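Derivation of every value follows stated rules applied to the coordinates shown; laboratory data play no part. Worth saying up front: this structure is predicted, and the values here are computed from it rather than measured. Heads up, the Cβs are rebuilt from the backbone with ideal geometry, glycines too, and the neighbour counts pull from every protein chain shown.
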Amino acid sequence: MGRSVSFSRPDGATVQGYLAEPPNPAGAPALVVIQEWWGLNEQIRGVADRFAQAGYRALVPDLYRGKSTVEAEEANHLMTNLNFGDAAGQDVRGAVQFLKASGSTKCGVTGFCMGGALTVLSSVHVPEMDAGVIWYGYPPLEYVDAAKIKVPLMGHWATRDAPFPIAGVDALEAKLRAAGVAFEFHRYDALHAFFNETQVGEKKLLPVIEYEPQAAALAWSRTLAFFGRSLK
């Protein structure tokens, strides 16, 4: 369903990505889909494919430049070496600009875990984005200039999330509310990465993550309804 594409960042550098499109992509709304800390793997390609089936042109930028891993230590290393401000303000912004220049009038951003944190930052640093859905990830809140956020946001959070504790979600919520940002946050009785269908039982890459099918299905339906209102 999808294919590899390359696009330009605002600074002119080239980034690779995975683009999944619906059968009739002309004029379809677009989404930039941001990976978990594992990299651009089959699972996140599958998420882009699902968005394409729902009628969106979905682009996953390759933030790690070809690298991916199933080792937590290596994933942490890759994530730690990523410049988050550069990834949001250049890679994600370039992806949004590419999708809008190639036929989509509106473009949202969504991401998971590390990609959730980058979705928050993109809402600050990517003026071309039209809406954002955050999945269980946020950056250090001192980097979130909420006064610059002009787009509606939805957030999906796990109440038993160890990597991104729910207290941080409360603080982010307060910050957004004080700035008058339009947002709706949903909390689920789940562990981190509850949407990732590959993280089950003995296949789990970390003990603090777990796929939760009911929470995943509810969050997905809420996401499609939100993007339907915001982008279509």
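With neighbours defined as other Cβ atoms within 10 Å of a residue's Cβ, the residues M154, M79 order from fewest to most as M79, M154.
Gain on full extension, evaluated as 0.36 nm per residue between D86 and D170 minus their Cα-Cα distance, stands at 27.6 nm.
Simple rule: put +1 on each Lys or Arg Cβ and -1 on each Asp or Glu Cβ in the chain, find the dipole, and look at G46, I209, M79; the Cα lying farthest toward the positive end is G46.
Can you give me the relative contact order of the chain as a percent, contacts being Cα pairs under 8 Å and 6 or more apart? Here the relative contact order equals 16 percent.
Under the rule of -39500 (n - 2.57) per DSSP H run of 4 or more residues, summed and divided by the residues of the chain, what mean residue ellipticity at 222 nm is obtained, to the nearest 500 deg cm²/dmol? That calculation yields -10000 deg cm²/dmol at 222 nm. Separation of the stretch 174-205 and the stretch 41-114, taken as the distance between their Cα centroids, equals 17 angstrom. Taking F84, F185, F194 as the candidate residues, the one with maximal mean-square fluctuation in a Gaussian network model of the chain, Cα springs under 10 Å, is F185. For G55, neighbours were defined as the other residues whose beta-carbon sits under 13 Å from its Cβ, and their charges (Lys and Arg +1, Asp and Glu -1) total +2. Residues in the stretch 34-58, backbone N under 12 Å from the label point at L224 (7 Å along the Cα-to-beta-carbon vector): list them, ranges by number please. Label zone hits: 50-56.
Just checking the listed ones, V169, V60, V208: in the Gaussian network model of the chain with Cα springs under 10 Å, the one fluctuating most is V208.
Count the net charge of all other residues whose Cβ sits under 12 Å from the Cβ of W37, scoring Lys and Arg as +1 and Asp and Glu as -1. Cβ neighbours under 12 Å give a net charge of -3. Each of Y138, Y56, Y143, Y211 has some number of other Cβ atoms within 10 Å of its Cβ, and from fewest to most they run Y143, Y211, Y138, Y56.
If both residues of a DSSP beta bridge must be in the chain, then about 35% of such bridges are antiparallel.
With a cut-off of 12 Å between beta carbons, the residues surrounding A171 carry a summed charge of -1, where Lys and Arg count +1 and Asp and Glu -1. Under a 5 Å amide H cut-off, with hydrogens placed 1.01 Å from N, A30 pairs with R57, K106, C107, G108 among residues at least 5 apart or on other chains. Filter the GluC sites (Glu not before Pro) in the stretch 138-214 down to the DSSP loop ones having no more than 16 other Cβ atoms within 10 Å, then list what survives. Here the GluC sites (Glu not before Pro) that fit, given the DSSP loop and packing criteria, are E197.
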